[in-house]
Structures are given as structure tokens and as C-alpha cells.
1. Mind listing just one residue for me: the one in segment 146-170 that is closer than 16 Å to VAL202 by Cβ and over 37 Å from the mean Cα position of the chain (by Cα) and, of those, surrounded by the fewest Cβ atoms within 10 Å (Cβ to Cβ)?
2. I'd like to know if segment 132-142 contains one or more residues that are more than 25 Å from the chain's Cα centre (by Cα) and farther than 25 Å from SER206 by Cα.
3. Can you tell me how many residues in segment 173-189 are farther than 23 Å from VAL91 by Cα and surrounded by 13 or more Cβ atoms within 10 Å (Cβ to Cβ)?
4. In segment 195-226, what residues are surrounded by 13 or more Cβ atoms within 10 Å (Cβ to Cβ) and among the small types (Gly, Ala, Ser)?
5. Take the conditions assigned to a loop (DSSP other than H, G, I, E, B), in the same structural domain as GLY123 (by TED's automatic domain parsing), within 35 Å of the chain's Cα centre (by Cα) and crowded, with 20+ Cβ neighbours inside 10 Å and apply them to SER192. Does it pass?
6. What are the residues in segment 123-132 that are touching a residue at least 24 places away in the same chain (Cβ under 8 Å) and in contact with a Lys or Arg (Cβ under 9 Å, 6 or more places away or on another chain), if any?
Amino acid sequence: MRGRKKAHSAQRRGSSRYDAQPFPAGSRYAPADMLTPDGYPKAPAPEGKKSAIVKNILLWTFEILVAILFAYVLVYFFGQSRTNIGQSMDVTLSGGDTVLLNILSYQLGAPKRGDVISFKPNGSSTSHSSIKRVIGLPGETVRIENGIIEIDGEVYFEKKSYPVITNPGMASEGITLGDQEYFVLGDNRNNSVDSRFADVGVVKASYIEGKVWFVLQPAGHRGFLK
């Protein structure tokens with residue numbers, strides 16, 4: 001009898017857990033997801049499979065971080081918004097229109113004649129942003145006489161039709177722009193406080209926030225700025 005017990009004990013010590021008898025269906029000794037269809041315990045996942053899972057998690061994390069960074073860059077350079085105040089840019093923009101700025105444009109280059117820009121009047125960080133159209137560029141002399149804009153003594157013919165200027169302001173004597181200075185006008189020429197007047201004056205490059213490129217709101221005005 002004692003010999004049988006010793007033999008039975010030796011047999012149990014020499015057997016692997018994978019040689020054990022299958023667990024009965026629904027057995028409380030092992031969860032169902034740890035058993036094969038025949039009721040045998042499943043072998044542990046290979047190391048290679050665990051490594052692949054870790055790599056996939058790291059890859060997904062990296063892709064999410066890249067997507068967040070891309071979204072941030074996109075919003076920072078092209079998605080900053082400003083609200084147009086007043087009627088000085090009628091009919092191009094109406095009062096209350098929300099527009100988007102292209103910040104990157106003037107970090108890579110300089111404003112061009114005809115660009116619609118957003119800037120801080122006199123560089124004041126506490127004042128609301130003003131939106132106007134660039135007319136004069138650095139080094140040029142802008143003069144307005146009899147409603148006609150002259151740049152360096154030559155008549156400036158605009159691409160669109162705007163109201164004839166009735167009040168030339170300081171530009172009646174001519175305004176010579178220094179380095180990094182711009183002369184701006186509102187499209188609603190006779191209802192605009194712009195570079196003709198001391199309240200705004202010439203706009204330094206450092207005052208400029210960006211180029212207006214898209215009208216976001218209201219929905220009826222939505223679209224690229226023309």
C-alpha cells in the first residue's frame with residue numbers, strides 16, 4: 001500500500017501542469033478564457049506576442065501625440081480668430097464678422113500691397129485689433145489728392161472699386177514710410193480711421209498680428225477673403 005502511494009507521489013511530481021486532466025466544463029478551478037476548447041489549461045502567451053502588443057501601444061501613443069502637435073500648430077498659425085469692429089471694411093467685411101488669421105505668412109515673408117491685415121493700433125496690447133488693407137509699403141511715399149491715391153508720385157490704380165476719398169487727412173501732404181512701416185486704409189474709405197489719421201498712423205511690422213484669410217462667422221459670410 002505504502003509502495004503504491006510513493007509511486008503515485010512520484011508520478012505527480014514528474015508530471016507537468018500541461019499533462020493534467022482537463023477541467024470539467026464550467027469548472028470553478030479555472031476561468032473559461034484560460035482553457036482550450038477541450039478543457040485543458042492554455043499555454044502562456046509567447047514573449048514575441050507580448051512584445052508586439054507593447055510596440056503597438058507605443059506606436060498608438062506616438063501617433064496620438066503627433067496628431068495633437070499637428071492640431072496645435074495648425075490652430076496657432078492658421079486658426080487664430082479676430083472680430084472686425086465697425087464698418088470701416090464694408091463691403092469686404094461687416095461689423096461683427098469673425099475672421100481667421102494666417103500667422104505663418106508674415107513669419108516667412110512681408111505684407112504685400114492689397115493684403116488685409118489685423119494689427120494692434122500703435123502697438124497697444126490692450127486695444128482691440130484693427131483690420132485694414134495695406135496700401136503703402138516700406139520706403140514709399142503715399143499722398144492723397146482730390147480723392148486719388150499716389151504712391152511715389154504715380155497714381156495707384158486699385159483692383160477693386162472703392163469710394164472716392166473725401167478726407168485725405170495727413171496724407172494730403174504725403175507720408176513717407178520708414179523701414180518696416182506700412183500705410184493702411186479701410187475699404188469703406190470715408191468711414192474709416194486709418195493711416196490718414198494720428199489715432200492709427202503708419203503701422204509698424206511689429207504691430208501686425210497676421211493676414212486675414214478666411215471669414216468664419218456669420219455663416220452667410222463664410223468663405224475665403226477676396
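The values are calculated or read from the model by the stated rules, or taken from the named source; none is laboratory data. What you see is a predicted model, and the numbers here were worked out from it, not measured in a lab. When we count neighbours, we look across all protein chains shown, and the Cβ atoms used for this are built from the backbone with ideal geometry, even at glycine.
1. If we filter segment 146-170 for residues that are closer than 16 Å to VAL202 by Cβ, which is where we start, we get 149, 151-152, 168-170.
Filter once more, keeping what is over 37 Å from the mean Cα position of the chain (by Cα): 152, 168-170.
Working: ASP152: 13, PRO168: 18, GLY169: 16, MET170: 15.
Residue satisfying both the conditions and the ranking: ASP152.
2. Kept after step one, since they are more than 25 Å from the chain's Cα centre (by Cα), are these residues of segment 132-142: 135-142.
With the extra rule that they be farther than 25 Å from SER206 by Cα, the set shrinks to none.
Scanning segment 132-142 turns up no residue that is more than 25 Å from the chain's Cα centre (by Cα) and farther than 25 Å from SER206 by Cα.
3. 6
4. Answer for segment 195-226, where residues must be surrounded by 13 or more Cβ atoms within 10 Å (Cβ to Cβ) and among the small types (Gly, Ala, Ser): SER195, GLY201, ALA205, GLY210.
5. Values: assigned to a loop (DSSP other than H, G, I, E, B): yes; in the same structural domain as GLY123 (by TED's automatic domain parsing): yes; within 35 Å of the chain's Cα centre (by Cα): yes; crowded, with 20+ Cβ neighbours inside 10 Å: yes.
For SER192, the condition - assigned to a loop (DSSP other than H, G, I, E, B), in the same structural domain as GLY123 (by TED's automatic domain parsing), within 35 Å of the chain's Cα centre (by Cα) and crowded, with 20+ Cβ neighbours inside 10 Å - is met.
6. Matches in segment 123-132: GLY123, HIS128, SER129, SER130, ILE131.
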